[in-house]
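The structure under discussion appears below in the form of structure tokens.
Read-outs throughout are calculated quantities, based only on the coordinates presented, and are distinct from any laboratory measurement. All values derive from a computational prediction rather than experimental measurement. Quick reminder, even Gly has a Cβ in these numbers, built from the backbone with ideal geometry, and neighbours come from all protein chains shown.
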Amino acid sequence: MKSVKHKIVIMSGKGGVGKSTVAVNLATALAMRGHQVGILDADIHGPDVPKMLGVEGERMMGSEAGLTPVLGPLNIRIASMEFLIQDPDTPIIWRGPLKMRAISELLSNVLWGELDFLIIDLPPGTGDESLSVMQLLPELEGVVIVVTPQEVALLDSRKAVMMVRKMKIPVLGLIENMSGFFCPHCGERTDIFGSGGGRNAAKELNLRFLGALPFDHRAMQLSDEGRPFIAASPDTPLAKAFDEVVENLLPRLGKRHAK
Ligand SMILES: Nc1ncnc2c1ncn2[C@@H]1O[C@H](COP(=O)(O)OP(=O)(O)O)[C@@H](O)[C@H]1O
Ligand SMILES: [Mg+2]
């Protein structure tokens, strides 16, 4: 981890809000800008990152020195529990201590090499795993919170923000995902889950609002095919909105550990 410049954690109050989607597209967007990028999938119960980057079923090679990450598109280095388990369809039933060992293995034993950015995809919520990732990772740059416009998700995300602050880790900002839907036929925008919730929550929690990402049914399909939308369909409103998020995030980096 010493040779990793910026470590950024993606977090949400609950599952299904697009955390992994944001993580893989952020990693891809940074790699497209010429950076050396790694992505650590710390969601050991639902490791989705390999599938989203089209490297599902690959294996991480282990040696005395540690685990070699799998190489994904644009040379993105990927570490995930998915690369270590035998049968991806069998759920892993971990007891607490074993789970923590698995996570600390992923955090401490991967041979990342020189990286500009390491994006860390957490499991949803503020449970043990999230806590231990934050405790075990030295010198985190900060956390990006992903919410959807529904009120429940926003309430959950408040807890996540409180937890991060308690641990004295900077919150880099908040992203509202699935914010509005563009009809593929007529192009009209509909706010299926309401809108503005993310911006309001950011204001209330005194966080930077990094941007709103619309719902795009093609993104889901591309994601299932292992192709992040930011590279596969860069001209869509979703990809453009995502680029704005990245541009809002980049100036926030390097403040904490500038040398
Ligand atoms: N902006 C979006 N437009 C369309 N589908 C999305 C969008 N964001 C996420 N999804 C889809 O929603 C589902 C959940 O997203 P995911 O990133 O796996 O959430 P999480 O990691 O928070 O559980 C996935 O099928 C993903 O492709
Ligand atoms: Mg996920």
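Summary table
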item: Using a Förster distance of 41 Å, the FRET efficiency for residue 65-residue 155 (Cβ separation, nearest 0.05); result: 0.40
item: Gap separating the Cα centres of region 216-240 and region 92-133, nearest whole Å; result: 27 Å
item: 18 Å Cα-Cα reach of residue 203 towards lysines, excluding residues that sit fewer than 8 places from it in its own chain; result: 159
item: Listed residue pairs exceeding 30 Å between alpha carbons, taken from 5/166; 166/240; 168/240; 51/168; 99/168; result: 166/240; 168/240; 51/168
item: Within the chain: Cβ-based charge dipole about Cα centre, in debye rounded to nearest 20 (Lys, Arg +1; Asp, Glu -1); result: 1100 debye
item: Proxy reagent accessibility, fewest Cβ within 10 Å first, across 156, 224, 87; result: 87, 224, 156
item: Student exercise, region 119-259 dipole from Lys, Arg, Asp, Glu Cβ charges, in Debye to nearest 20; result: 720 debye
item: Ascending count of other beta-carbon atoms within 10 Å, so fewest first, for 192, 10, 169; result: 192, 169, 10
item: Region 207-216 - phi-based ³J(HN,Hα) in whole Hz, Karplus 6.51/-1.76/1.60, Gly and Pro as x; result: 10, 6, 8, 7, x, 10, 10, x, 6, 9
item: Mean residue ellipticity (222 nm) of the chain, computed from DSSP H runs ≥ 4 via -39,500 (n - 2.57), nearest 500; result: -10000 deg cm²/dmol
item: Isotropic mean projected area of the C-alpha convex hull, the chain (nm²); result: 13.5 nm²
item: In region 136-186, trypsin sites (Lys or Arg not before Pro) in a DSSP loop with at most 11 other beta-carbon atoms within 10 Å; result: 168
item: Helix 151-166 vs. the chain, principal-axis angle (Cα, 0 to 90°, nearest 10); result: 50 degrees
item: Cβ-Cβ FRET estimate between residue 240 and residue 45, R0 fixed at 35 Å, reported to 0.05; result: 0.60
item: Sequence-distant residues sharing a close amide H with residue 39 (under 5 Å, placed H); result: 77, 78, 79, 119
item: Low-density loop cleavage sites - GluC sites (Glu not before Pro) in region 117-188, where at most 14 other Cβ are within 10 Å (DSSP); result: 139, 188
item: For residue 115, residues with placed amide H under 5 Å, excluding near neighbours; result: 4, 5
item: Sorted by Cβ density within 10 Å, fewest first, the residues 223, 12, 63, 179; result: 63, 223, 179, 12
item: Cα long-axis angle, helix 96-108 against the chain (0 to 90 degrees, to the nearest 10); result: 90 degrees
item: Antiparallel bridges, percent of DSSP beta bridges restricted to the chain (to nearest 5); result: 20 percent
